[in-house]
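Have a look at the structure below, then the notes.
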Amino acid sequence: MAYGFDTLQVHAGARPDPATGARQTPIYQTTAYVFRDADHAAALFNLQEVGYIYSRLTNPTVAVLQERLAALEGGAGAVCCSSGHAAQIMALFPLMAPGRNIVASTRLYGGTVTQFSQTIKRFGWSATFVDFDDVEAVAAAIDDDTRAIFCESIANPGGYITDLDAISEVANKAGLPLIVDNTSATPYLCRPIEHGATLVVHSTTKYLTGNGTVTGGAVIDSGNFDWSASGKFPSLSEPEPAYHGLKFHETFGPLAYTFHGIAIGLRDLGMTMNPQAAHYTLMGIETLSLRMERHVENAKKVSQWLEKHDKIDAVTYAGLESSPYHDRVARICPKGAGGLFTIALKGGYEACVKFVDSLELFSHVANLGDTRSLVIHSASTTHRQLSPEQQKAAGAAPNVVRISIGIEDADDLIADLDQALEKAHG
Ligand SMILES: *Cc1c(COP(=O)(O)O)cnc(C)c1O
């Protein structure tokens, strides 16, 4: 029988500990695992048997989280990583090679724009940034060296919703995998695989853990992509010299990408999630749907109040009827538009700085998706490295403040915003 989301968020991947009966998943704080004998060790190292060797590759606590995330996203398998940014590199690694490129949305988390426009060049990879509302421009940006399309479901920082159905059609036609960063939506609000995504990446640092305790990331594979069809993905379709010529796709079928992520990606890049982090994230995920419902309810109330305020020029929340993205909510994220949006303040940069300094309940931090309400002035912080054009395209112009609405009493949040707006313009 197929369980519902709320059941899966508590149970998927977990069972009472076989050694002790412990009901909660233990933190397996160990680096290595004893082999039954030399034959067992050889079979594990040859990938002929699945099991635990060394915690850079696999760990039982992390494995529970991987199974849970795969279940919640409706994927075949998942690989957890040390951060969201690590997950992005891990997601691209099996697909890319020097000279290859990705086509990416201009509306991305600021750190991702930097990673894709600067750092990946050191690997000989590159990114072409396009406005993903212009579907024809996305198609036109694809060339023979393109190996993936990348976007966010609910895009940071503005809370804009990407038309995943339209973008996945473009990716499909080009025979390319669509990678969706589902951090801001979580699988409770949006299930990208149902809209044609091949891979889903997460910063588990945010809503999945939910309380600002640990960094982490994950790559979830739909298991739906034919890695052998085009000859463009030799890491998955061709013989792998490090495993005696094993072909991942031929051998592991829909789990090829996940096995590659562990057996090659984690083994050689080492961007591994530790079992403590997995534990905190598992604790968080147990209440994901409850928290997301409150985040959405509060974001609606607060954004409606802000929209009417005379010191505010604009509120980007897609849950507002005035948003150009409002039409996409029912189709792409039917349980709500999330808890993240931006506001444009009258008075520009100066007013924004005064505003964030005057808030008492909201914290000014470089994080989002916490139970606590958070703000950040993106132009002076997360999006600081970007050019003015990039800032504007990303929804992080100097007069813009990003708001991550927590699960507190909405009235208290409104009162705090009210007094800070007063001070910012006083
Ligand atoms: C935070 C974030 C990331 C990066 O994740 P880290 O865990 O901070 O490395 C990537 N994408 C989005 C949408 C994010 O919010």
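The values are calculated or read from the model by the stated rules, or taken from the named source; none is laboratory data. Predicted, not measured: the structure shown is a model, and the values here were computed from it. Cβ placement follows ideal geometry from the backbone for every residue including glycine, while neighbour counts extend to all protein chains displayed. Remember, those area values only see protein heavy atoms, side chains included, never the ligands or the DNA or RNA. Shrake-Rupley method; radii C 1.70, N 1.55, O 1.52, S 1.80 Å.
Here are a few things to note about the model shown:
Results for (1) in contact (Cβ under 8 Å) with a residue 24 or more places away in the chain; (2) under 20 Å from Thr186 (Cβ atoms); (3) within 11 Å of the ligand (Cβ to nearest atom); (4) buried (at least 22 other Cβ atoms within 10 Å of the Cβ), shown as yes or no for each residue.
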{"position": "Leu69", "(1), (2), (3), (4)": "yes, yes, no, yes"}
{"position": "Leu72", "(1), (2), (3), (4)": "yes, yes, no, yes"}
{"position": "Cys80", "(1), (2), (3), (4)": "yes, yes, no, yes"}
{"position": "Ser83", "(1), (2), (3), (4)": "yes, yes, yes, no"}
{"position": "Leu92", "(1), (2), (3), (4)": "yes, no, no, yes"}
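Let's see how each residue does on (1) within 20 Å of Arg191 (Cα to Cα); (2) surrounded by fewer than 15 Cβ atoms within 10 Å (Cβ to Cβ); (3) in contact with a Phe, Trp or Tyr (Cβ under 8 Å, 6 or more places away or on another chain):
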{"residue": "Pro98", "(1), (2), (3)": "no, yes, yes"}
{"residue": "Arg122", "(1), (2), (3)": "no, yes, no"}
{"residue": "Asp143", "(1), (2), (3)": "no, yes, no"}
{"residue": "Ala148", "(1), (2), (3)": "yes, no, no"}
{"residue": "Pro157", "(1), (2), (3)": "yes, no, yes"}
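Residue by residue, here is whether (1) within 16 Å of the ligand (Cβ to nearest atom); (2) out of contact with any helix residue (DSSP H, G or I) (no Cβ under 6 Å at 6 or more places or on another chain) holds:
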position: Val365; (1), (2): yes, yes
position: Asp370; (1), (2): yes, yes
position: Leu374; (1), (2): yes, yes
position: Thr381; (1), (2): yes, yes
position: Ile405; (1), (2): yes, no
position: Gln419; (1), (2): no, yes
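- Selection count where residues are on the phi > 0 side of the Ramachandran plot and open to solvent by 60 Å² or more (accessible area, probe 1.4 Å), scope segment 2-46: 0
- Members of segment 202-244 found to be of a type in the set (Val, Ile, Thr) and surrounded by fewer than 17 Cβ atoms within 10 Å (Cβ to Cβ), listed by number: Thr213
- Tabulated pairs, segment 195-218, first more than 22 Å from Leu95 (Cβ to Cβ), second within 8 Å of the ligand (Cβ to nearest atom) and of a type in the set (A, V, I, L, M), C-beta under 7 angstrom, 6+ apart or interchain: Lys206/Leu368
- Pick from segment 197-212, criterion in a loop (DSSP other than H, G, I, E, B) and more than 12 Å from the ligand (Cβ to nearest atom), ranking: farthest from Ala155 (Cα to Cα): Asn211
- In this structure, Leu95 does not qualify as within 14 Å of the chain's Cα centre (by Cα) and of a type outside the set (Lys, Arg).
- When segment 383-403 is filtered for residues that are within 16 Å of the ligand (Cβ to nearest atom), of a type in the set (A, V, I, L, M, F, W, C) and farther than 22 Å from Asp418 by Cβ, the ones remaining, listed by number, are Leu386, Ala393, Ala394, Ala396.
- Verdict on Lys311 being of a type in the set (Lys, Arg), open to solvent by less than 70 Å² (accessible area, probe 1.4 Å) and either touching a helix residue (DSSP H, G or I) at 6+ places or on another chain (Cβ under 6 Å) or at pLDDT below 95 (or both): yes
- Residue match in segment 117-132 (condition: within 16 Å of the ligand (Cβ to nearest atom) and within 30 Å of Glu297 (Cβ to Cβ)): yes
- The condition of being touching a strand residue (DSSP E or B) at 6+ places or on another chain (Cβ under 6 Å), away from the ligand (no atom under 16 Å from the Cβ), among the polar types (S, T, N, Q) and over 20 Å from Gly406 (Cα atoms) holds for only one of Ser168, Ser222, that being Ser168.
- Given (1) part of a strand (DSSP E or B); (2) away from the ligand (no atom under 13 Å from the Cβ); (3) not aromatic (Phe, Trp, Tyr), index of the condition Pro187 fails: (1)
- Glu49 being of a type in the set (D, E, K, R), open to solvent by less than 10 Å² (accessible area, probe 1.4 Å) and either within 16 Å of the ligand (Cβ to nearest atom) or at pLDDT below 95 (or both): no
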